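Undergrad: Just dropping this structure here.
The values are calculated or read from the model by the stated rules, or taken from the named source; none is laboratory data. Computed from a predicted structure; not experimentally measured. Cβ placement follows ideal geometry from the backbone for every residue including glycine, while neighbour counts extend to all protein chains displayed. Accessible surface is based on the protein model in full, side chains and every heavy atom, while ligands, DNA and RNA are left aside. Shrake-Rupley method; radii C 1.70, N 1.55, O 1.52, S 1.80 Å.
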Amino acid sequence: MNKQGNLSINSENLFPIIKKWLYSDHDIFFRELISNGCDAVTKLKKLEIMGEYQFEENEKFKIQVIVNPDEKTLKFIDNGIGMTDSEVEEYITQIAFSGAADFLEKYKDKTNEDQIIGHFGLGFYSAFMVADKVTIETLSWQKDAKPVHWECDGDSEYSMSEGSRTERGTEITLYLNEDSLEFANEYKAREVIEKYCSFMPVEIYLSKEGKEPEYETIDEDDVKPEDTVVEHIVEPAKTEEREKEDGTKETVEITPERKRAKIIRRPQLMNDTHPLWTKHPNDCTEEEYKEFYRKVFMDYKEPLFWIHLNMDYPFNLKGILYFPKINYEYESIEGKIKLYNNQVFIADNIKEVIPEFLMLLKGVIDCPDLPLNVSRSALQNDGFVRKISDYITKKVADRLSGMFKTDRENYEKYWDDINPFIKFGCIKDQKFNEKMKDYIIYKNLEGKYITLDDYLEAAKEKHENQVFYVTDEEQQSQYINMFRKEGLDAVILKHNIDQPFISSLEQAKEGVKFRRIDTDLADVFKEEPTEEETKALEEEAAKLTDIFKKALSRETLTVKVEKLKDADVSSMITLSEDSRRMQDMMKMYGMGDTSMFGGEGETLVLNANNDLVQYVLNHPDGENTDLICQQLYDLALLAHKPLPADALTKFVERSNKIMKLLAK
């Protein structure tokens with residue numbers, strides 16, 4: 001069967017492209033070659049189902065990966081369907097001829113394609129990204145088939161002859177190039193297999209060529225047919241002498257005699273062939289979901305809840321999406337959605353399949369119908385992929401809205417953690433927004449959760465279509481107390497996503513306006529002045545503006561005088577809603593001066609009903625007027641945020657001076 005020939009390449013200069021640029025990650029050849037081994041096993045199983053092949057008793061299918069750092073080789077061995085010489089020539093020498101596609105065509109009336117991984121026939125050639133030479137030893141399942149040896153040194157020439165393999169299956173050996181010797185390291189190989197192959201459907205074992213065997217001792221009853229027994233051991237029963245009630249002694253058996261076997265340590269299974277997402281949700285326990293989450297994402301904080309996706313029509317899609325417990329800062333949310341194709345890892349967070357807002361979640365999605373390109377690193381057929389994305393979005397919305405309706409207590413308990421996902425989704429996805437807009441809830445000043453419609457209905461008599469909100473309950477406590485005294489309510493919105501979210505809400509709900517609680521004061525806090533009082537307040541404002549500008553050395557200061565109902569409130573700082581939102585946006589994106597106050601749009605509100613304000617008004621040139629002005633301004637600022645270090649030092653010094661004046 002000796003034969004020489006040239007590889008049949010369907011495009012000019014395709015081979016060097018495959019070797020160098022087909023895959024962006026060179027370690028991906030592990031995935032491709034192991035996937036081919038899985039295909040070989042799956043094909044054989046299908047032949048057995050169709051009655052064309054009979055398995056041997058206790059036959060165990062597996063893929064072995066053997067590293068040899070001394071010889072600089074890497075082997076991939078399967079006991080699947082194998083190949084004849086004509087099949088090697090057809091599937092291997094004709095690049096881009098898909099063996100999986102050919103198999104499906106041949107048996108299309110007898111089987112289905114669900115578990116055949118390969119699509120393009122190019123995966124084998126990923127080996128040449130890291131190898132100077134590749135050999136194949138294979139023996140077909142077919143009766144009287146002869147073993148085949150094939151080898152190629154990385155150019156367009158190959159050689160094929162009768163091989164020496166005696167067992168059904170295929171052994172591929174990579175003779176690694178000098179730049180890729182790391183892959184012959186057992187620990188590096190383990191790392192890559194865990195990355196790409198953790199859930200492939202055939203058992204995968206990794207070993208090191210020539211490694212000294214390790215041993216373990218197990219019960220004789222636990223010995224399996226494939227175990228290599230080195231020694232049979234009988235552990236005698238353990239006894240001890242005990243004293244009886246009558247003072248005599250007797251020997252009592254503590255543990256019975258045990259028959260044990262010393263065996264060569266079993267190879268460690270590298271993958272889970274039946275991952276949780278392949279099971280029906282009714283067959284999965286809560287602990288299994290949590291354990292899978294810990295194992296896959298190395299996150300030992302329990303997820304809040306999860307959604308198990310299980311769809312067979314019009315496309316096949318399974319998966320589990322977890323809502324993790326997160327930190328409060330928006331920037332710290334880092335999700336990860338792992339995408340699989342027939343249990344073969346494809347990528348993390350492919351944006352075409354996973355809606356952008358769901359990338360904040362953690363989970364796995366397996367869709368055998370995904371239209372992948374030849375390297376499986378990008379998607380084709382935008383229309384189909386969009387349908388998958390829409391389905392995932394719908395399932396998430398259905399789960400959340402269902403929880404709101406039937407499990408409101410838990411929905412509220414989870415709200416602080418899940419609301420960034422929901423609000424981000426409402427901003428980014430119109431369909432998701434339509435499904436979820438009525439199930440957005442807000443915590444009010446009493447700590448109760450209400451909908452926007454609930455709030456607007458309760459507030460329509462006092463401030464119709466205006467929604468007041470709090471971003472910091474401590475810093476805005478002065479305003480919160482004022483609201484409570486007047487029987488007013490506000491909602492808590494302290495996440496960074498809330499600013500763009502309320503802007504989108506204002507666009508969607510005509511006439512509704514969100515105002516932070518320390519924005520321009522609502523009329524409900526003010527006395528209704530007469531026409532004469534209005535004129536007087538304008539004159540006082542002009543006079544106080546001059547006094548405060550001089551005392552604070554702030555020529556751009558804006559001062560407003562109001563007659564507030566609470567005479568104990570002397571001064572307040574307000575910032576127009578538009579200016580404040582602009583500053584928040586600048587802060588979020590690290591643009592320019594992000595100080596909350598001291599900029600454009602700030603107004604110092606003085607209470608005409610307050611004694612200190614009246615003192616300043618009546619003593620513009622008084623000995624302590626500047627002192628009082630500076631203190632009133634800093635007190636107003638302190639209601640919002642801590643003072644800078646130098647301003648705080650002056651405030652403390654000034655406070656001590658004022659106390660000394662009072663003590664005289």
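Undergrad: What list of ³J(HN,Hα) values in whole Hz, one per residue of region 165-182 in order, does the Karplus curve 6.51 cos²θ - 1.76 cosθ + 1.60 (θ = phi - 60°) give from phi, with Gly and Pro shown as x?
TA: Coupling constants for region 165-182: 5, 10, 10, 4, x, 9, 10, 10, 10, 9, 9, 5, 7, 4, 7, 10, 5, 4 Hz.
Undergrad: Continuing with this model, one more query. Quick one: what are the phi-derived ³J(HN,Hα) couplings along region 191-206, Karplus 6.51/-1.76/1.60 with θ = phi - 60°, whole Hz, x for glycine and proline?
TA: Result, ordered by residue: 4, 6, 4, 5, 5, 9, 10, 4, 10, 5, x, 10, 4, 10, 10, 10 Hz.
Undergrad: Taking region 488-581, how many lysine pairs are there with alpha carbons less than 14 Å apart, if each pair must be eight or more places apart or span two chains? If you can, show how the numbers build up before the last one.
TA: Numbers: K526/K560; K526/K563; K526/K565; K535/K543; K535/K560; K535/K563; K543/K560; K549/K560.
The number of close lysine pairs in region 488-581 is 8.
Undergrad: Order the peptides 476-484, 251-259, 398-406 from the highest to the lowest mean number of other Cβ atoms within 10 Å of their residues. Display every interim value, and only then the final one.
TA: Details: 476-484: 17.4, 251-259: 10.2, 398-406: 14.8.
Going from most to least packed, we get 476-484, 398-406, 251-259.
Undergrad: Contour minus end-to-end for R408 and K462, with contour as 0.36 nm per residue of separation and end-to-end as the Cα-Cα distance? Don't jump to the answer; show the numbers that get you there.
TA: Details: separation 54, 0.36 × 54 = 19.44 nm, distance 2.90 nm.
Here the segment from R408 to K462 would lengthen by 16.5 nm.
Undergrad: Could I ask something else about it? How far apart, in nanometres, would the label points at E474 and A542 be if each is projected 7 angstrom from Cα along the Cα-to-Cβ direction?
TA: If labels sit at E474 and A542, their model points lie 4.4 nm apart.
Undergrad: Find the Cα radius of gyration of region 170-230, compare it with 2.2 N^0.38 Å by division, and give the number to two decimals.
TA: Working: Rg = 15.6 Å, N = 61, 2.2 N^0.38 = 10.5 Å.
Dividing the Cα Rg of region 170-230 by 2.2 N^0.38 Å gives 1.48.
Undergrad: With a 1.4 Å probe and every protein chain left in place, tell me how much accessible area E231 has, in Å² to the nearest 10.
TA: 90 Å²
Undergrad: Going from most exposed to least, what order do V65, V230 have by accessible area with a 1.4 Å probe?
TA: Values: V65 0, V230 80 Å².
Reading off the accessible areas and sorting them downward yields V230, V65.
Undergrad: Same structure, new question: Mind checking the log10 I(q)/I(0) for region 142-247 at q = 0.23 Å⁻¹? Debye, one equal scatterer per Cα, no solvent, two decimals.
TA: -1.32
Undergrad: Amide H neighbours of I573 under 5 Å, at least 5 residues apart or on other chains, H built in the peptide plane: list them.
TA: Amide H neighbours of I573, under 5 Å, 5+ apart: V605.
Undergrad: Could you give the length gained on full extension between T251 and A663, defined as 0.36 nm per residue of separation minus the Cα-Cα distance, in nm?
TA: Difference between extended and current length: 139.1 nm.
Undergrad: Grab the beta carbon distance between K133 and N316, set R0 = 35 Å, and tell me the FRET efficiency rounded to 0.05.
TA: On the way: r = 39 Å, r/R0 = 1.11.
Efficiency, from the Cβ-Cβ distance: 0.35.
Undergrad: Continuing with this model, one more query. ³J(HN,Hα) across region 63-79 via Karplus (A = 6.51, B = -1.76, C = 1.60, θ = phi - 60°), whole Hz, x for Gly/Pro?
TA: Along region 63-79, the couplings run 10, 10, 10, 10, 9, 9, x, 5, 8, 6, 10, 9, 10, 10, 10, 10, 10 Hz.
Undergrad: How would Y322, Y175, Y300 line up by accessible area, probe 1.4 Å, largest first?
TA: On the way: Y322 0, Y175 85, Y300 160 Å².
My answer, sorted largest first, is Y300, Y175, Y322.
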